[in-house]
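The values are calculated or read from the model by the stated rules, or taken from the named source; none is laboratory data. Only a predicted model underlies this, so the values are computations on that prediction, with no experimental measurement involved. Heads up, the Cβs are rebuilt from the backbone with ideal geometry, glycines too, and the neighbour counts pull from every protein chain shown.
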């Protein structure tokens, strides 16, 4: 035993021998692996996870890809030393993963469950082993959130416990989305403590697809001020590239019950009320729900429907003091009353004196009086058609003429009340001897033609017509005006003396001569009778000097054109010596500095055309 004792040097040597293999391995080489810390991809797309490495000193390598599931690594693919690429079976990615020549791991049709940590591991023999993690992040936008109200009854304001306002639900998102509540466009603080007056209860569900469905229910203790509040929820979710996006739900309002404090009684008619109108009055309180209402008219109970009191075809007796009253059992101290003083505007029928139709003689005087009563300031006007004849209720006509005959209206109105009018009509008939209107000029093309003449006359009784000479006659009557139309053949006597129209009744007679003349036609600034005899018009007589100048200019132009035509004709016949000389000068070139243009034509054809003979063939 003494020979086996270990001294200090023996212990040191033993320790060196034990550390030698480790030191040899560490100092023999290094493996460096590179990748990206994170790869982001949308659900259903393809993800590519890169992997590169360096080995020093160089040696054969094997590249393997692993996933980490619940703290344990499981290989999904590897690249062997001989270049063979193999996908491991029985993994969540077996049918969707491949490894490339550059060692990139490709995953197709990515699922939410693929959101794992992937490791690229490189084994390099004596150089050792190296690896690096890459996190795969999968994204999918959730659906638009749906906001629903509870199926329970309305919420009562002032309760000491919180009531459910609504539930917001968004489906199929990844990663987990977030729901934010809004009241009147203002975000509500996220509170989960159920002891608070306002809080939210979230519920996260993971679907079989790996996507998330998130629900959030809002609870509050609303007050009367929340009766018109608008609630909305928004889902906030992440997308690749650190994007934060939102989707908003539709809005809801809450059914809130609260006690009444005041009542209002209002007239719904926009315009002043007049007789014959339908009147609607509405009674309501500032509470919810509305209580029952009672109505009275000058203290007498009348029947309404709900908060509405309707009066059909009102008259002046409906003008009164109307009152509505209500009792809210949630606030018995409230004075819930309203009062309306209803004013019904009216106008009485028009009273006209005399009211019987008036028949007066031509030149006499007639007068009417018209009056009425109304609920307010009113006007009285006399009208014939649209013309206003009087505005003081009296209509007086001196020296009555036939044109004064007809219907007159007395119109009463209350200007402050649109449509409140009354009117009455009277009729005036004017009798007297006939009076012929100015006749129209009659014209014929030539003597012997038929001519139609018209004669109009006022008179009552309706006058009798007599034509001299007579013809085929017809008579029409409109009011106190009659018209006779006659058609006859023109004779020299008619052309000379015209035709006479005579009218008569029991009060007298009247006659007019209707001239008949020949029609005139306009020709070259002069009127020519259809018989062929030219005469100057009145304008020609007034402008005789200027017309004479115009005629002289026209005659000169015609003579000049005739001379040009004659010279041209003689030139073509070669009877003008100047034409041959010109032709010779152009042919021999004797013109020195002038520019000459020769117009060549088919001479034979021109002569044939002018002289109506065939062209010569010996040109």
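Test residue 218 against the stated conditions and say whether it is modelled with pLDDT of 95 or more and exposed (fewer than 13 other Cβ atoms within 10 Å of the Cβ). Considered against the rule, which asks whether it is modelled with pLDDT of 95 or more and exposed (fewer than 13 other Cβ atoms within 10 Å of the Cβ), residue 218 comes out as no.
Quick one: in the range 295-349, which of the residues that are touching a helix residue (DSSP H, G or I) at 6+ places or on another chain (Cβ under 7 Å) and assigned to a loop (DSSP other than H, G, I, E, B) is surrounded by the fewest Cβ atoms within 10 Å (Cβ to Cβ)? Ranking the qualifying residues of the range 295-349, first place goes to 342.
If the condition is being closer than 13 Å to residue 122 by Cα and touching a helix residue (DSSP H, G or I) at 6+ places or on another chain (Cβ under 9 Å), then the range 49-61 contributes 55, 56, 58, 59, 60, 61. Applying the criterion of at least 2 residues that are over 60 Å from the mean Cα position of the chain (by Cα) and farther than 29 Å from residue 445 by Cα to the strands (runs of 3 or more DSSP E) found wholly in the range 471-519 leaves 499-505, 508-514.
Of the numbered criteria (1) more than 21 Å from residue 85 (Cα to Cα); (2) out of contact with any helix residue (DSSP H, G or I) (no Cβ under 8 Å at 6 or more places or on another chain); (3) not in a helix (DSSP H, G or I), the one residue 113 fails is (3).
Residues in the range 68-99 that are farther than 25 Å from residue 55 by Cα, assigned to a strand (DSSP E or B) and within 60 Å of the chain's Cα centre (by Cα): 97 only.
Could you list, in sequence order, all residues of the range 404-421 that are outside any loop (DSSP other than H, G, I, E, B) and touching a residue at least 40 places away in the same chain (Cβ under 8 Å)? Write out each step before concluding.
From the range 404-421, those outside any loop (DSSP other than H, G, I, E, B) are 404, 406-413, 421; that's our starting set.
Hits for the range 404-421 are 406, 408, 410, 411, 412, 413, 421.
Only one entry in 513, 481 is surrounded by fewer than 17 Cβ atoms within 10 Å (Cβ to Cβ) and at negative phi, namely 513.
Kindly indicate the residue of the range 87-110 that is loosely packed, with under 13 Cβ neighbours inside 10 Å and without any contact (Cβ under 8 Å) to a residue 24 or more places away in the chain and also farthest from residue 140 (Cα to Cα) among those meeting that condition. By that ranking, first place goes to 101. Taken over the range 111-135, residues that are surrounded by 13 or more Cβ atoms within 10 Å (Cβ to Cβ) and more than 30 Å from residue 207 (Cα to Cα) amount to 12. Please work out if residue 187 is assigned by TED's automatic domain parsing to the domain that holds residue 217 and loosely packed, with under 13 Cβ neighbours inside 10 Å. The answer is yes for residue 187.
If the requirement is being over 21 Å from residue 227 (Cα atoms), modelled with pLDDT of 95 or more, within 40 Å of the chain's Cα centre (by Cα) and surrounded by fewer than 17 Cβ atoms within 10 Å (Cβ to Cβ), which of these qualifies: 280, 251?
Of the residues listed, the single one that is over 21 Å from residue 227 (Cα atoms), modelled with pLDDT of 95 or more, within 40 Å of the chain's Cα centre (by Cα) and surrounded by fewer than 17 Cβ atoms within 10 Å (Cβ to Cβ) is 280.
Just checking, does the range 144-162 include any residue being within 26 Å of residue 239 (Cα to Cα), touching a residue at least 12 places away in the same chain (Cβ under 8 Å) and outside any loop (DSSP other than H, G, I, E, B)? Yes: the range 144-162 contains one or more residues that are within 26 Å of residue 239 (Cα to Cα), touching a residue at least 12 places away in the same chain (Cβ under 8 Å) and outside any loop (DSSP other than H, G, I, E, B). One residue alone among 438, 450, 442 is surrounded by 17 or more Cβ atoms within 10 Å (Cβ to Cβ) and at pLDDT below 95, and that residue is 442. From 291, 272, grab the single residue that is under 35 Å from the mean Cα position of the chain (by Cα) and part of a loop (DSSP other than H, G, I, E, B). One residue alone meets the criteria, 272. Criterion applied to 385, 363 was being loosely packed, with under 12 Cβ neighbours inside 10 Å, free of Cβ contacts under 8 Å to residues at least 24 places away in the same chain and on the phi > 0 side of the Ramachandran plot, and the one residue passing it is 385. Answer with yes or no whether residue 102 is closer than 15 Å to residue 33 by Cβ and part of a loop (DSSP other than H, G, I, E, B). In short, yes.
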